[in-house]
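The structure appears below as C-alpha cells.
FYI, it's all coordinate maths here, none of it is from the lab. Keep in mind the model is a prediction, meaning the values are calculated, not measured. FYI the Cβ positions are ideal-geometry reconstructions off the backbone, even for glycines, and counts take in every protein chain you see.
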Amino acid sequence: MKMTLRWFGSAHDSVTLKQIKQIPGVVGVISTLYDVPVGEVWTRQQIKGLKEEIEAQGLELLGIESVNIHDTIKVGSPEREKYIANYIKTLEALGEEGIQLVCYNFMPVFDWTRSDLAKMREDGSTVLSYDQEVIDQLDPDKIFESMDHKSNGYVLPGWEPERMARIKELFEMYKEIDNEKLFENLVYFLKAIMPTCEKYGIKMAIHPDDPAWPVFGLPRIVINKENLIRLTEAVNHPCNGVTLCTGSLGSNPQNDIPDIIRALKGKIHFAHVRNLKHHAPGKFEEAAHLSSDGSMDMYEIMKALYEIEFDGPIRPDHGRAIWDEVSMPGYGLYDRALGATYLNGLWEAIHKENK
Ligand code: DNO
C-alpha cells in the first residue's frame with residue numbers, strides 16, 4: 001500500500017504540503033480541483049499545475065478525490081449525455097497527465113452527512129458525530145446552514161454553497177428516483193466511461209454512502225457488501241472498483257469490514273481507514289484511529305487489506321481536532337498524522353509477522 005493524505009489545495013487547506021512531507025511514511029497526496037464546479041471539464045493545464053505543485057514538495061499526486069458526478073447523471077435525465085461527455089473529457093485530461101485513480105460517490109443531493117462537526121469529547125478534543133434523532137428533527141433545507149455554521153470557515157467537500165443554494169430544486173429532481181433507478185443510472189454512467197478508463201488505466205473507485213443508510217428519504221445504494229458486489233459484477237471491468245471507506249461502511253455495525261475487504265479482493269482501488277465509536281443504532285461519533293478508542297478492530301482491517309495484497313493508495317481519514325488546531329472539520333494535520341503513523345505501524349507488524 002502507499003500511504004497518503006488528502007489535501008484540498010493551497011487555497012482551501014490549512015495543512016501545507018511541506019507538513020505532509022514530514023509525516024513519516026507518507027509518500028503522496030490525494031487531491032482535487034476544488035474550485036471547478038461539478039460537471040465542468042478539467043483542463044490538462046489545471047491538472048498539470050496541481051501535480052507540479054505537489055511534486056515540487058517531493059510528494060506524488062496519487063489520485064483524485066473527487067471528480068464529482070453531476071446530478072443529471074445520477075437522476076438519468078436527458079442532459080446526462082452532456083455531463084457524461086464532460087466527465088470523459090476530464091478523465092482524458094487526467095489520463096494524459098498520468099493520473100490513474102479517481103474517487104467519486106453516487107449519493108443524491110448530499111455527500112457525507114453529520115449532525116455535529118465539533119462534538120466535545122472527555123479529553124477536550126472534538127469530533128464529527130451523527131445522531132439520527134437529531135437529523136430527523138432537521139429540515140433538509142436547513143442542514144447546509146447547520147453544517148456550514150461549524151465548518152471553521154472552510155468549504156466542506158461535497159457541500160458546495162452553490163449547489164446547496166439549489167437544494168429544493170435538487171430534491172425535486174430526485175422525486176422519482178428509487179434505489180433501482182439510481183443503480184441503473186450508475187451502471188449506465190460506468191459503462192459509458194469504461195473505454196476511456198481502460199485506455200488510460202484509470203481506476204474508478206466509488207466511495208460508499210456515509211452514513212450507510214438513506215438520509216432524508218433519498219435513495220442510497222453503496223451501503224453494504226451485497227450492493228458493492230452487485231455493482232462490481234454489473235460492470236465487471238478491472239477499472240471499476242471501490243474506495244473501501246471503513247468509517248462510512250462501518251457506520252452500520254452490521255457491516256463486517258474485514259469480510260467485505262476479503263470479498264472485494266482485486267476491486268479495492270483506494271482505502272480510507274478510520275475508526276468510529278458506536279453509541280446506539282444510528283448514533284456514533286468519530287474516534288481516534290486507535291482500535292481501543294472506537295468500536296472497530298483496526299488490526300483486523302489492516303490484516304484483511306494485507307491478505308488481499310492491497311497495493312493502492314490508502315489514507316487515514318477524518319481526524320479529531322486536537323492540540324488547538326483549527327482546520328476544516330475532520331481534516332486537520334495532527335490527528336491524521338497520528339493516524340497515518342499508527343496504520344503504518346500496524347502494516348509493518350503484519351508484514352513482519354508474515355515474512
Ligand atoms: C468526507 C469524504 C467525502 C468523500 C466523497 C467521495 O469527508 O469522505 O466527501 O470524499 O464522498 O466522493
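I need the per residue convex hull volume for the range 156-264, using only the alpha carbons, in cubic angstrom as a whole number. Before the final figure, lay out the partial values.
On the way: hull volume 13.7 nm³, N = 109.
Convex hull volume per residue, Cα atoms: 126 Å³.
Across all Cα atoms of the range 276-355, the radius of gyration (one decimal) and Dmax (whole number) stand at 13.9, 42 Å.
Label sites at residue 297 and residue 175, each approximated as a point 7 angstrom past Cα along Cα to Cβ, lie 4.9 nm apart.
Computed from the C-beta positions of residue 350 and residue 323, the FRET efficiency with R₀ = 35 Å rounds to 0.75. Once the chain from residue 34 to residue 122 is taken as fully extended at 0.36 nm per residue, the excess over their C-alpha distance is 28.3 nm.
Share of antiparallel DSSP beta bridges in the chain, in percent to the nearest 5?
Antiparallel bridges: around 30 percent, rounded to the nearest 5.
Across every pair of non-identical alpha carbons in the chain, the mean reciprocal distance, once inverted, gives a Kirkwood radius of 20.4 Å. A convex hull fitted to the Cα coordinates of the range 246-323 yields 90 cubic angstrom per residue.
For the cross-link pairs 175/283; 2/51; 89/203; 267/303; 74/283, the ones whose C-alpha atoms lie over 19 Å apart are 175/283; 74/283. Relative contact order of the range 2-353: 18 percent, from C-alpha pairs under 8 Å at least 6 residues apart in sequence.
At the listed q of 0.15, 0.18, 0.24, 0.27 Å⁻¹, the Debye profile of the range 82-154, built from one uniform point per Cα, gives log10 I(q)/I(0) equal to -0.74, -0.84, -1.08, -1.27.
Roughly speaking, what % of Cα-Cα pairs in the range 85-229 are separated by over 24 Å, rounded to a whole number? Considering the range 85-229, 43 percent of its Cα-Cα pairs are separated by more than 24 Å.
Of the complete DSSP H runs in the chain, those spanning 27 angstrom or more by Cα along the long axis with a mean Kyte-Doolittle score not below -0.5 are 179-200, 334-353. Volume per residue for the range 28-99 equals 71 cubic angstrom (convex hull of Cα atoms).
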